Amino acid sequence: MKRDLMDIICCPLDKHDLDLDVESEEDDEVVAGTLTCTDCGETYPIEDGIPNLLPPDMREETPA
Amino acid sequence: MPETPTPTPTGDPAPHRVYDRIAAHFSETRAHPWPDVADFVAERTGRRGLDLGCGNGRHAELLADVCETAVGVDASAGLLAEARARAAEREYADALALLRGDAERIPLRDDTVNLAVYVATLHHLPSREARVRSLTDLARVLAPGGEALVSVWSTTHDRFGPDTGFDTTVEWTLPDGTTENRYYHIYDPAEFRADLDDSALDVVEAYESRGNAYAVVTS
């Protein structure tokens, strides 16, 4: 993802802004990192350059 | 016991996981945009476009042509990978941002979208309440004056009889012969209109075309 995407994305749960924590970046693209809701604290991974903003209950890794 | 002819949804209750499993084959069969969507986009422009339920991005490409930037949102990682590859091949990747997200809880801020398409996706959401909530969330992200085209599979499609809306599963057959079931709510046009009216969207125009019900909406 490009950093300017931060201007429009938000937490899917409460629609508050997100903080970006970059783990790796190539050219102008954030390849891996974490997005954290500034209000509820929920974290969302950036996977292979694509922010995964699925609500936690829709993630595959959610324990059964 | 009375007969109950209404098909009961079976299979994976999460369509996005089904799409993960069929993504590559599904994408091969979705090379071209729908003419009705192309017509809608061609008459409009906007700063930022949104393709909600973008699949392989064939309609996001249209938005990337007429908007400064386009955002494609899908719940399936497999389809997003197809969308990224397609954008690179066809050279619109610079104008397209991809996001994994749920159409019922859109991860975009209020009033950020000037032109949107929400094509053949709403009918995968598992309840009427979820579908109305999704339409209301689309209204939230649409900027004042922004317009969206929403489409669903309709009972007027020639594979269904004229009927009231119903829940069903539609099989996808992979090249190796295995099948995957996808949940659909098939809408009758009046019911589609009622769901739109119960959401925060305003309907500008509603019509039927090629077995789909369409609505042009604003926030």
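The values are calculated or read from the model by the stated rules, or taken from the named source; none is laboratory data. Just so it is clear, the model here is predicted, and its values are computed rather than measured. These accessible areas exclude ligands, DNA and RNA; they are computed on the full protein's heavy atoms, side chains included. Shrake-Rupley method; radii C 1.70, N 1.55, O 1.52, S 1.80 Å.
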Taking max minus min of the Cα coordinates of chain B on each principal axis, largest first, gives extents in Å of 59, 42, 28
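Using a 1.4 angstrom probe on the protein heavy atoms only, line up B:Arg131, B:Arg58, B:Arg193, B:Arg210 by accessible area, largest first. Spell out each step's value before the answer.
Numbers: B:Arg131 10, B:Arg58 30, B:Arg193 100, B:Arg210 160 Å².
Ranked from most to least accessible, the order is B:Arg210, B:Arg193, B:Arg58, B:Arg131.
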Over its alpha-carbon atoms, chain A yields an Rg and a Dmax in Å of 11.6, 38
Under the Karplus curve 6.51 cos²θ - 1.76 cosθ + 1.60, θ = phi - 60°, whole-Hz ³J(HN,Hα) for the stretch B:214-219, x wherever Gly or Pro sits = 10, 9, 8, 10, 10, 7
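Counting pairwise Cα distances across the protein assembly as shown, what percent come out greater than 31 angstrom?
Values: 9242 of 39903 pairs.
In whole percent, the share of Cα-Cα pairs in the protein assembly as shown beyond 31 Å is 23.
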Rg/Rh for the stretch B:73-148, where both radii come from Cα atoms and Rh is the Kirkwood radius = 0.99
How large is ³J(HN,Hα), in whole Hz, for each residue of the stretch A:11-20 in order, when computed from phi with the Karplus curve 6.51 cos²θ - 1.76 cosθ + 1.60 and θ = phi - 60°, using x for Gly and Pro?
-> 5, x, 7, 10, 6, 7, 5, 10, 9, 9
Under a 5 Å amide H to amide H cut-off, with H placed in plane at 1.01 Å, what residues pair with B:Ala70 once short-range neighbours are removed?
-> B:Gly49, B:Leu96, B:Ala97
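Would you compute, from DSSP H runs of 4+ residues alone, the mean residue ellipticity of chain B at 222 nm, taking -39500 (n - 2.57) per run and dividing by the full residue count, rounded to the nearest 500?
Working: 6 runs with 68 residues, N = 219.
Using -39500 (n - 2.57) per qualifying helix, the result is -9500 deg cm²/dmol.
For chain B, what does the relative contact order come out to in percent, with C-alpha contacts under 8 Å and a separation of six or more?
Values: 485 pairs, mean separation 45.1, N = 219.
Computed over chain B, the figure is 21 percent.
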